[in-house]
Number of protein chains: 2
Amino acid sequence: MIVSRSIRGIRRIIQAVKKKGQVIGFVPTMGALHEGHLSLVRAARKQTDYVVVSIFVNPTQFGSGEDFRKYPRTFSYDKELLEKERVNLLFYPDVKTMYTEDFSTYVEEISLSKYLCGKSRPGHFRGVCTVVAKLFNIIQPDVAYFGQKDYQQAQIIKRMVADLNFPIRIKVMPIVRHKDGLAMSSRNQYLASNERKVAPVLFEALSLGKRLIKEGHKDASFIKEKMVEHIKKKCRSARIDYVSVVDHKKLVDVKVVKGKVLLALAVYIGRARLIDNMLVSARKRKMNDRQEN
Amino acid sequence: MIVSRSIRGIRRIIQAVKKKGQVIGFVPTMGALHEGHLSLVRAARKQTDYVVVSIFVNPTQFGSGEDFRKYPRTFSYDKELLEKERVNLLFYPDVKTMYTEDFSTYVEEISLSKYLCGKSRPGHFRGVCTVVAKLFNIIQPDVAYFGQKDYQQAQIIKRMVADLNFPIRIKVMPIVRHKDGLAMSSRNQYLASNERKVAPVLFEALSLGKRLIKEGHKDASFIKEKMVEHIKKKCRSARIDYVSVVDHKKLVDVKVVKGKVLLALAVYIGRARLIDNMLVSARKRKMNDRQEN
């Protein structure tokens, strides 16, 4: 595995790879790698010829009160993991390399970014789009991999790629969970051990929401209420940012569950803001139901 | 010359060209071509292997009261001109191809865009950056050519390319003028014949500004005053949007002329909003001057 901290270094290598006609797979990360990231790397390893991973804790996607400085940085551990996965190239730039002093260009998606995490983290997705556009132009991958845990992010990146015509395919890989259901996240490291014990409550709430929908419940308010109740009962200290039932494409709240919806939530447990989500298809009405109504 | 209206068609061709290792030169235009555009095309023809031109009147860079609908469209004439210049590929998309219904991603430069035309045309440079980013991702050129007549635009594009790490070199080519000094522009077509006669007053004002600076004048207000005076005297009906003396890199107004400055103006003559500019280096103080002060 080659490690490069400079854009010029990366460009030189990428050019040579492209000349050979190899297909480039790319996994952008902020480091503090876990099995979720590694599932993306493994998909890239399987599906493409040359696997590039980036590790960059991107300041422009953190708000002023957020955890940019405290975000876990575990470079040498990450590097070992990536070597084991037979990654070809690791891009590990510092902030000055990515953002020069007179930096003044941003990429912004303005529709999907309004909802869910976009509400409580203004500017977050602008930072994400900007850094991903930069990384795309530096790495020039054929395929880029994102995790479904950041569902909204993945949708926004897909939108950006379509809108700005990046010649890149986006693949979204399933959420990887601990055995107790907690979604893997670098921010799980923030959890004290008692907090870690109750953290699966988020997955439980999503599962409850899913069960209610599968049982035929259609009223989104009712479903959300039950999910919130569950979280509060099991974890009194949880502070709920949002628990939402949204259209899985447009990300707008639905009142009545119909077709495919996304159950999504963001909850503070201690100082960790955790997110999780689940795609659910509503039960189709049977002929009988329809006749009755 | 191949003409393609579809992004897919362009991608197929570009891929084949890249496989051959040819260097791609790109000239984005809004059509209504004149010698200014052709000078860019000729530079591309000389300096690169495969020349791509786009013709697309981009709606997102026009304000609501502006001339999007009336902007001159002269496709068959343009096509002939480009064939004569031995252009390889002409991309001529329609609006629906470039902007799908759910389009929601924009590229915005927020520093250089605040000044000059950015003040009177809010959103203009956002539209320019967005469409140029799209075209760059579709054409994937090695070199792209812009005219100095749109000096601010060229600076913003350079900034965008640097900030977002597009693997593209930007070349800015000199302003092409009519014999009487009027800068070539598609919008000159809006001028009635009596307006066309006085339109060189813009170039004259820039030349006057330059002469004053070369004579040793340093006070930007004085220089602008003289330029405005000249325009108003020769063309009573002219409505001045701005006459500015700015830092040639940051585009901010200077009070005292020092080093290299840009004289820039935007003036309505009839219904045509015309822009023009001139780079001027201030006379260096001689040893004698310095000792005297």
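The values are calculated or read from the model by the stated rules, or taken from the named source; none is laboratory data. Just so it is clear, the structure is predicted and the values come from calculations on it, not from any experiment. Neighbour counts are summed over all protein chains in view; Cβ atoms, including those assigned to glycine, are modelled from backbone coordinates with ideal geometry. The accessibility values were calculated without ligands, DNA or RNA, using every heavy atom of the protein model including side chains. Shrake-Rupley method; radii C 1.70, N 1.55, O 1.52, S 1.80 Å.
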Checklist outcome for this item: Residues hit by the 30 Å² burial cutoff in segment A:81-125, accessible area with a 1.4 Å probe, assembly against chain on its own, are A:ASP102, A:SER104, A:THR105, A:TYR106, A:VAL107, A:GLU108, A:ILE110
Item to check | Cβ charges +1 (Lys, Arg) and -1 (Asp, Glu), total dipole of chain B, debye | outcome: 620 debye
Next on the checklist: Once the label point is set 7 Å along the Cα-to-beta-carbon vector, what list of distances in nm do you get between A:ARG211 and its counterparts in the other copies?
Outcome noted: 8.8
Checklist entry - Once segment A:36-104 is represented by equal point scatterers at the alpha-carbon sites, with solvent omitted, what log10 I(q)/I(0) does the Debye formula produce at q = 0.12, 0.18 Å⁻¹? => result -0.41, -0.82
Checklist outcome for this item: Helix-only [θ] at 222 nm, chain B, -39500 (n - 2.57) per DSSP H run of 4+, per residue, nearest 500, equals -11500 deg cm²/dmol
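Counting alpha carbon pairs within less than 8 Å and at least 6 residues apart, what relative contact order, in whole percent, applies to segment B:2-173? Please report the intermediate quantities before stating the final value.
Details: 263 pairs, mean separation 51.2, N = 172.
Relative contact order of segment B:2-173: 30 percent.
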Checklist entry - Using Cα pairs under 8 angstrom and six or more residues apart, how large is the relative contact order of chain B, in percent? => result 17 percent
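In whole percent, how big is the carbon plus sulfur part of the accessible area of chain A, probe 1.4 Å, protein atoms only?
Heavy-atom surface of chain A belonging to carbon and sulfur, 1.4 Å probe: 49 percent.
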Checklist outcome for this item: Placing each pseudo-label 7 Å from Cα in the direction of the beta carbon, A:LYS84 and A:ARG283 end up separated by a distance in nanometres of 4.4 nm
Item to check | Longest to shortest principal axis, alpha-carbon extents of chain A, angstrom | outcome: 66, 44, 38
Checklist entry - Which whole-number percent is the relative contact order of segment A:162-293 (Cα, under 8 Å, 6+ apart)? => result 23 percent
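Roughly how much accessible area, to the nearest 100 Å², goes out of reach of solvent when B and A pair up, both sides summed, probe 1.4 Å?
Numbers: alone 15370 and 15360 Å², together 28430 Å².
Roughly 2300 Å².
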Checklist outcome for this item: Sorted shortest first, the nm distances from the A:ASP253 label point (7 Å along Cα→Cβ) to its counterparts in the other copies are 4.6
Checklist outcome for this item: Of the listed links A:LYS210/A:LYS233; A:LYS149/A:LYS197; B:LYS171/B:LYS260; B:LYS149/B:LYS260; A:LYS114/B:LYS158; A:LYS210/A:LYS250, those spanning more than 24 angstrom between alpha carbons are A:LYS114/B:LYS158
Checklist outcome for this item: Applied in sequence order to segment B:264-272, the curve 6.51 cos²θ - 1.76 cosθ + 1.60 (Karplus, θ = phi - 60°) yields integer Hz couplings, x standing for Gly and Pro, of 9, 8, 9, 9, 7, 10, x, 8, 8
Item to check | Subset of A:LYS134/B:LYS19; A:LYS179/A:LYS218; A:LYS232/A:LYS284; B:LYS19/B:LYS46 violating a 28 Å alpha-carbon distance limit | outcome: A:LYS179/A:LYS218; A:LYS232/A:LYS284
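Tally Lys/Arg at +1 and Asp/Glu at -1 over every other residue whose Cβ is under 10 Å from the Cβ of B:CYS117; what's the total? Before the final figure, lay out each step's value.
Numbers: positive: B:LYS119, B:ARG121, B:ARG273; negative: B:ASP150, B:ASP241.
Its environment carries a net charge of +1.
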Checklist entry - Quick one: Cα convex hull volume of the protein assembly as shown, Å³ per residue? => result 211 Å³
Item to check | Percentage of interatomic Cα-Cα distances in segment A:168-220 larger than 14 Å | outcome: 64 percent
Item to check | Net dipole in debye of segment A:87-161 [+1 Lys, Arg Cβ; -1 Asp, Glu Cβ; about Cα centre; nearest 20] | outcome: 360 debye
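Determine the sum of side-chain charges near A:PRO93: Lys and Arg each +1, Asp and Glu each -1, restricted to other residues whose C-beta is under 13 angstrom from that of A:PRO93.
Numbers: positive: A:ARG5, A:ARG8, A:ARG11, A:LYS96, A:LYS134; negative: A:ASP94.
Summing Lys and Arg as +1 and Asp and Glu as -1 gives +4.
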Next on the checklist: Which residue in chain B puts its Cβ closest to the axis that rotates chain B onto chain A, and at what distance in whole Å?
Outcome noted: B:VAL107, 3
Checklist entry - Got the A:ASP94 label distances to the other copies yet, label 7 Å along Cα→Cβ, in nm, shortest first? => result 5.3
Item to check | chain A: most fluctuating residue of A:ASP94, A:ASP150, A:ASP276 per GNM, C-alpha cutoff 10 Å | outcome: A:ASP94
Item to check | Size of electric dipole in segment B:140-293: Cβ of Lys, Arg +1 and of Asp, Glu -1, about Cα centre, debye, nearest 20 | outcome: 300 debye
